[in-house]
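Asker: This structure is in structure tokens; I'll ask about it shortly.
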Amino acid sequence: MNTYQNPLEERYASEEMLYNFSPDMKFSTWRKLWFALASIQKELGLDITQEQLDEIEANIDNIDYDVARAYEKKFRHDVMAHVHTLGDVAPKARPIIHLGATSAFVGDNTDLIQIREGLLIVKKKLINVIKGLSDFAIKYKDLPTLGFTHYQPAQLTTVGKRATLWLQSVLLDFEELEFRIDTLRFRGVKGTTGTAASFKELFDGDYSKIKELDKKLSAKFGFTNVFGVSGQTYDRKIDAETLALLSNIAQSAHKFTTDLRLLANLKELEEPFEKNQIGSSAMAYKRNPMRSERIGSLAKFVISLTQSTAMTASTQWFERTLDDSANKRLAIPQAFLAIDSILMIWTNILNGIVVYPKRIEKHIQEELPFMATEYIIMEAVKNGGDRQEIHELIREHSMEASKQVKMEGKPNDLIERIVADDNFPIDKEKLLQVLDSKNFIGFAPEQTEEFIKNEAQPILDKYQDLIGLEVDLKV
């Protein structure tokens, strides 16, 4: 315990995302790429034996990291260190390992595979957030609640309708996620500066074989989209676009948790709180929204990382420069690990979120008299009253009722004042009947049902095999 440990690994991220950016995943993929390269080169006529291929294939997962570290210290080159490490256990294949390739062949193609696999993990977890928000929205589509603009009480909405606003942001993120997965390009086989000069030598100038090599290798790793041109590396715009997507997901998550924390303060909604959970070391009664706060904290981190990849993409020199390397090792894996953590915590919250209808109704009744005044004016005018006189009467009563609420801490008695005032030409019994909060929610229930049916449910139906995420938070 005397060296730094990354909290994303120790406290937050899932095993599947941690594996995706692990040394085992990275370096076994390098060896798979070398095996595929040599295999296709053999098919296309190069002097490579089956015995050599068998040696590479047999040692794909046989990685001696101590040997690799020693080689890298000697060569100051990670790819050549692993070429020699593989060559030690596959001596017959040593002459043809990495034949014609450049470091970016294994490095960049592996990065793109990890990005794709990371996006697929995110996709599964985002689907479960969509499911959780959809279920919550439908369950509470009819429950009136105060709407807020500027965090001041506004017209009523419903708890479920508000959830569709959170969901809408997530669906926009999901739309972008699908686009990124569907259009992600592989670097493939391009040579040192993207001209395939080394492969031209190997295949005696046969450009058709080089194109076939590029296409076959990319297909072997599941990519139908391949960069038509490259420098030594794939376009770093991919990294910037990927981080922008992850940032968008983080923004949606942060918005949800900000709203939830504000509602928790009002004691209307609350995230799960376990039996033995401690909210504060000093204040034993507290139920702090720690899951929501953790999402907010991780979300800010992800959002901040977008600057890193944007600056890298904008400052690449010509065919390549190495000032992207350390940056990529940090920014991309950590952004994925943080989003992975966010989505798991979000699912955990949705699986146990608590709603307090009576508290919500109490807040409504504190504000509903003011919101009913427009109805009162219309009814009074229909019964022969003067609109301007009625407006002035309501203004005067409202000021007195507001004073009683704010300065004396008493209940809002605006309706009682109006009922007692004979200057209002209005049916007092009808007025009291109208003051049911469900009369002030517009088409919120219908909008909620329609939105889930038309926007969310088709996605859930399409990816129903991804639904069902067991979340056991580490801390």
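Asker: State whether one or more residues within the stretch 258-269 are within 30 Å of Trp34 (Cβ to Cβ), hydroxyl-bearing (Ser, Thr, Tyr) and part of a helix (DSSP H, G or I).
Answerer: No; the residues of the stretch 258-269 include none that is within 30 Å of Trp34 (Cβ to Cβ), hydroxyl-bearing (Ser, Thr, Tyr) and part of a helix (DSSP H, G or I).
Asker: Continuing with the same structure: Scan the stretch 317-347 for residues that are polar (S, T, N, Q) and at pLDDT below 95 and jot them down.
Answerer: Thr321, Ser325, Asn327
Asker: For the stretch 378-391, enumerate the residues that are at pLDDT 90 or above and under 51 Å from the mean Cα position of the chain (by Cα).
Answerer: Matches in the stretch 378-391: His391 only.
Asker: Taking the residues in the stretch 216-232 that are part of a helix (DSSP H, G or I) and in contact (Cβ under 8 Å) with a residue 24 or more places away in the chain as candidates, determine which candidate is farthest from the chain's Cα centre (by Cα).
Answerer: Restricting to residues being part of a helix (DSSP H, G or I) and in contact (Cβ under 8 Å) with a residue 24 or more places away in the chain, the top hit is Lys216.
Asker: Let me ask another. Being within 23 Å of the chain's Cα centre (by Cα) and part of a helix (DSSP H, G or I) is the filter here, so list the residues in the stretch 174-208 that pass it.
Answerer: Phe174, Glu175, Glu176, Leu177, Glu178, Phe179, Arg180, Ile181, Asp182, Thr183, listed by residue number.
Asker: Looking at Glu117, Glu72 in this structure, which one is charged (D, E, K, R) and touching a residue at least 40 places away in the same chain (Cβ under 8 Å)?
Answerer: Going through Glu117, Glu72 in turn, just one is charged (D, E, K, R) and touching a residue at least 40 places away in the same chain (Cβ under 8 Å): Glu117.
Table: residues versus (1) touching a strand residue (DSSP E or B) at 6+ places or on another chain (Cβ under 9 Å); (2) closer than 30 Å to Asn348 by Cβ.
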| residue | (1), (2) |
| --- | --- |
| Ala401 | no, no |
| Lys410 | no, no |
| Leu414 | no, no |
| Val419 | no, no |
| Ala444 | yes, yes |
| Asn454 | no, yes |
| Glu470 | no, yes |
| Leu473 | no, yes |
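Asker: May I pose another question? Exactly one condition in (1) farther than 30 Å from Phe301 by Cβ; (2) touching a residue at least 40 places away in the same chain (Cβ under 8 Å) is not met by Ile353; state its number.
Answerer: (1)
Asker: Look through Ala137, Ala104 and report the one residue that is in a helix (DSSP H, G or I), over 30 Å from Lys328 (Cα atoms) and at pLDDT 95 or above.
Answerer: Numbers: Ala104 fails: over 30 Å from Lys328 (Cα atoms).
Going through Ala137, Ala104 in turn, the sole match is Ala137.
Asker: Just for the stretch 439-475: of the residues that are among the small types (Gly, Ala, Ser) and assigned to a loop (DSSP other than H, G, I, E, B), which one is farthest from Lys141 (Cα to Cα)?
Answerer: Just the residues of the stretch 439-475 that are among the small types (Gly, Ala, Ser), to begin with: 442, 444, 456, 468.
The next check asks that each one be assigned to a loop (DSSP other than H, G, I, E, B); those that pass are 442, 468.
Working: Gly442: 12, Gly468: 23 Å.
Looking at the filtered set, the residue picked out is Gly468.
Asker: Scan the stretch 343-399 for residues that are crowded, with 16+ Cβ neighbours inside 10 Å, farther than 30 Å from Glu268 by Cβ and in contact with a Pro (Cβ under 6 Å, 6 or more places away or on another chain) and jot them down.
Answerer: Matches in the stretch 343-399: Ala380, Gly385.
Asker: I've got another one for you. Quick check on the stretch 47-72: of everything there that is outside any helix (DSSP H, G or I) and not hydrophobic (A, V, I, L, M, F, W, C), which residue is surrounded by the most Cβ atoms within 10 Å (Cβ to Cβ)?
Answerer: First pass over the stretch 47-72, keeping only residues outside any helix (DSSP H, G or I): 47-49, 59-64.
Narrowing further to those that are not hydrophobic (A, V, I, L, M, F, W, C): 47, 49, 59, 61-62, 64.
Values: Asp47: 9, Thr49: 13, Asn59: 20, Asp61: 10, Asn62: 12, Asp64: 14.
Checked the stretch 47-72; the qualifying residue surrounded by the most Cβ atoms within 10 Å (Cβ to Cβ) is Asn59.
Asker: I'd like the residue in the stretch 17-35 that is buried (at least 19 other Cβ atoms within 10 Å of the Cβ) and hydrophobic (A, V, I, L, M, F, W, C) and, out of all such residues, is nearest to Leu119 (Cα to Cα). Steps first, please.
Answerer: Going through the stretch 17-35, the residues buried (at least 19 other Cβ atoms within 10 Å of the Cβ) turn out to be 17, 20-21, 26-27, 29-35.
In the following step, the residues that additionally are hydrophobic (A, V, I, L, M, F, W, C) were identified as 17, 21, 27, 30, 33-35.
Values: Met17: 10, Phe21: 12, Phe27: 20, Trp30: 20, Leu33: 21, Trp34: 24, Phe35: 25 Å.
Checking each candidate, the answer is Met17.
Asker: Of these, Lys267, Lys255, which one is surrounded by fewer than 20 Cβ atoms within 10 Å (Cβ to Cβ), more than 18 Å from Ser304 (Cα to Cα) and in contact with a helix residue (DSSP H, G or I) (Cβ under 7 Å, 6 or more places away or on another chain)?
Answerer: Lys267
Asker: Would you call Asp182 of a type in the set (Asp, Glu) and crowded, with 17+ Cβ neighbours inside 10 Å?
Answerer: On the way: of a type in the set (Asp, Glu): yes; crowded, with 17+ Cβ neighbours inside 10 Å: no.
Taking the combined requirement at face value, the residue does not satisfy it.
Asker: When the residues of the stretch 244-270 are filtered to those that are within 12 Å of the chain's Cα centre (by Cα) and among the small types (Gly, Ala, Ser), which remaining residue is farthest from Ser292 (Cα to Cα)?
Answerer: Ala244
The values are calculated or read from the model by the stated rules, or taken from the named source; none is laboratory data. Predicted model only: the values in this text are computed from it and were never measured. Ideal geometry is used to build each Cβ from the backbone, glycine not excepted, and the neighbour counts take in all protein chains shown.
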